[in-house]
Amino acid sequence: IAVLQIVKESQQQHGLRHGDFQRYRGYCSRRLRRLRKTLNFKMGNRHKFTGKKVTEEILSDNRYLLLILMDAERAWSYAMQLKQEANTEPRKRFHLLSRLRKAVKHAEELERLCESNRVDAKTKLEAQAYMAYLTGMLRFEHQEWKAAMEAFNKCKTIYEKLANAFTEEQAVLYNQRVEEISPNIRYCAYNIGDQSAMNELMQMRLRSGGTEGLLAEKLEALITQTRAKQAATMSEVEWRGRTVPVKIDKVRIFLLGLADNEAAIVQAENEETKERLFESLLSECRDAIQAVREDLKPDQKQREHSLENDSGKVSNIQYLHSYLTYIKLSTAIKRNESMAKSLQKALLQQQRSEEDGKRTPRPQDLIRLYDIILQNLVELTQLPGLEEDKNFQKEIGLKTLVYKAYRCFFIAQSYVLVKKWSEALVLYERVLKYAREVRSGAGAYMNSLKELPDVQDLITQVNAEKYSLQAAAILDANDTHETESPSQVKDGKPLSERFETFCLDPSLVSKQVSLVHFPPGFQPIPCKPLFFDLALNHVAFPPLEDKVEQKAKSGLTGYIKGIFGFKS
């Protein structure tokens, strides 16, 4: 059986791609049950347990070896699950070691069974390497560095020989396992007393952008411990002509590792590793700033008093906070600039990406990055203690002009894509204006502008783009005049309103044909007339005096007569 291949495929397909050891342990248990049922190798029944062992006499099927392998994998995955939980519950470490010992016991049994003549040489070697790997992990957890180093070296030697004996495709898995255990070997060597191993461990960490697996936490703790020893001798830091004492251990450790982290970012092999290192550096910087901020809170009254005594000069702790904030903002600017460069490269290869069917980057993506950079520069100018530093303000002003020029350039590029020629031309002129301001004011600040994008390259590119834009605008205007013929231009009217005009309209044979306006529009109609009776004031009504007098004569007598029926 291909031990390493089976193990790796099972781990990748059942949880370990996301570090879910509990899911992988459940998979191992289910597979064991299926294997026992298929081989009719059951451990008794539901009422009574009857233990069975795999012996050489019954090795008629390689699935018997898979039984032992899955037992070892189940114990190992449970140990790794407990290792994650032991960070918050230290008592689980004892259970962790117990499960690792169980995994080693199963691996030893697998190696013993593979010594049979029925097993081929490759399986024998893989079983030996697997046992050595688990033994090394157990010794590593027990901090028995020499025994762990011997086991890991044995494992490495076997996998290297297997990699050389087979084709490149088959050797990939073996080489990956060798790369996994190499940091563990160097860590063991360091703990034994080899000081050169520390540098190699650092280089491994920087090349990979961080470690994973068994060594990750131990290596980070080792690096922190080494820097802490160096931090004991660090008492102050100098920035922009002012020396500030550093009393906080977390800040000392961060400042000592700053140069190493920046060097690692420069040496990063790909953009993904560089991005991971940037995030790690920013996270450490935020932690250091938080530690300084906690010291600032109880010291606020004292700072206000020092401001009055020193005529506006900020306190040392506040200046240290400004320095760390400057490092954080500068790192964020470098990270966004790195992302912008990778996007620019992708824009240059846009045609090839379109052929591949992938999503292509757009100039709008770059505009957002430069907006963030400009916001960070604004925050830099507002740092306490640097408001009166004319050189610093001038330097940030020049950097702002550089990034504004690039931002305008990519805004113009986005307008070019939608054929807004006049807007793009105006923005290109604005880019040239910013670039000329940078060149005229950058005399004494050339050293600080070396890390920024080259303005001269931008000027050359803008001049070329201007000529291309003017040519494209002229061609677009000619195309517009040529295509605007009465027989092909559709004015948006429905068919009922253009019977007298011939027009090639493909929509007439489609499902969304425009025949009439629906719902129909409103039309004006005459309103109901209003009548004003002007003649009423000039009408003479007939006299009513005779009727009024006759009504006045009929008083109480007439009323009584009416009651009794007498009529006059």
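The values are calculated or read from the model by the stated rules, or taken from the named source; none is laboratory data. Here the structure is a predicted model, which is why all the values come from computation and not from measurement. No Cβ is skipped: glycine too gets one built from the backbone with ideal geometry, and neighbour counts run over all protein chains shown. These area figures cover heavy atoms from the full protein model, side chains too; ligands, DNA and RNA do not enter into them. Shrake-Rupley method; radii C 1.70, N 1.55, O 1.52, S 1.80 Å.
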> Which residues, taken from the range 49-95, are open to solvent by 60 Å² or more (accessible area, probe 1.4 Å), of a type in the set (S, T, N, Q) and over 20 Å from Glu109 (Cβ atoms)?
Replying inline: Gln84, Asn87, Thr88
> Any idea which of His14, His18, His47 is at pLDDT below 85 and over 22 Å from Met131 (Cβ atoms)?
Replying inline: His47
>> Name the single residue that is modelled with the highest pLDDT among those in the range 479-488 being open to solvent by 70 Å² or more (accessible area, probe 1.4 Å) and out of contact with any Phe, Trp or Tyr (no Cβ under 9 Å at 6 or more places or on another chain).
In response: Asp479
> Does Ile265 meet the test of being closer than 12 Å to Thr331 by Cα and assigned by the TED database to the domain that holds Ala332?
Replying inline: yes
> For the range 89-107, does any single residue satisfy the condition of being modelled with pLDDT under 90 and among the β-branched types (Val, Ile, Thr)?
Replying inline: no
>> Condition first: modelled with pLDDT under 85 and aromatic (Phe, Trp, Tyr). Now tell me which residues in the range 157-181 satisfy that.
In response: Phe166
> For the range 1-48, how many residues are closer than 30 Å to Tyr174 by Cα, open to solvent by 60 Å² or more (accessible area, probe 1.4 Å) and polar (S, T, N, Q)?
Replying inline: 4
> When Ala151 is evaluated against the numbered criteria (1) surrounded by fewer than 16 Cβ atoms within 10 Å (Cβ to Cβ); (2) farther than 22 Å from Ile58 by Cα; (3) among the small types (Gly, Ala, Ser), which criterion, by number, is the only one it fails?
Replying inline: (1)
>> What pairs come out if I take residues in the range 370-395 that are in contact (Cβ under 8 Å) with a residue 12 or more places away in the chain and in a loop (DSSP other than H, G, I, E, B) and pair them with residues that are of a type outside the set (Ser, Thr, Tyr) and open to solvent by less than 30 Å² (accessible area, probe 1.4 Å) whose C-beta lies under 7 Å away, six or more apart or interchain?
In response: Pro384/Val314; Pro384/Gln318; Gly385/Val314; Gly385/Gln318; Leu386/Phe392
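Results for (1) farther than 24 Å from His14 by Cα; (2) among the acidic types (Asp, Glu), shown as yes or no for each residue.
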residue: Ala103; (1), (2): no, no
residue: Glu115; (1), (2): yes, yes
residue: Arg118; (1), (2): yes, no
residue: Ala121; (1), (2): yes, no
residue: Asn153; (1), (2): yes, no
residue: Asn164; (1), (2): yes, no
> What are the pairs, 6+ residues apart or on separate chains, where a residue within the range 421-437 that is over 11 Å from Leu469 (Cβ atoms) and assigned to a helix (DSSP H, G or I) has its Cβ under 7 Å from a residue that is open to solvent by 70 Å² or more (accessible area, probe 1.4 Å) and of a type outside the set (S, T, N, Q)?
Replying inline: Tyr434/Lys404
> Going through the range 233-269 one residue at a time, which ones are open to solvent by less than 80 Å² (accessible area, probe 1.4 Å), of a type in the set (A, V, I, L, M) and either part of a loop (DSSP other than H, G, I, E, B) or closer than 17 Å to Lys341 by Cα (or both)?
Replying inline: Met234, Val246, Ile248, Ile265, Ala268
> What number of residues within the range 115-148 satisfy the criterion of being within 18 Å of Leu162 (Cα to Cα), free of Cβ contacts under 8 Å to residues at least 60 places away in the same chain, surrounded by 22 or more Cβ atoms within 10 Å (Cβ to Cβ) and small (Gly, Ala, Ser)?
Replying inline: 1
> in a helix (DSSP H, G or I), closer than 19 Å to His321 by Cα and modelled with pLDDT of 80 or more - does that describe any residue in the range 270-282?
Replying inline: yes
>> It is to be established whether one or more residues within the range 491-506 are under 51 Å from the mean Cα position of the chain (by Cα), surrounded by 10 or more Cβ atoms within 10 Å (Cβ to Cβ) and either hydrophobic (A, V, I, L, M, F, W, C) or at pLDDT 85 or above (or both).
In response: yes
>> For the range 14-62, give me each residue that is among the polar types (S, T, N, Q) and out of contact with any helix residue (DSSP H, G or I) (no Cβ under 9 Å at 6 or more places or on another chain).
In response: Asn40, Asn45, Thr50, Ser60
> What about Asn164, is it farther than 27 Å from Ala79 by Cα, part of a helix (DSSP H, G or I) and among the polar types (S, T, N, Q)?
Replying inline: yes
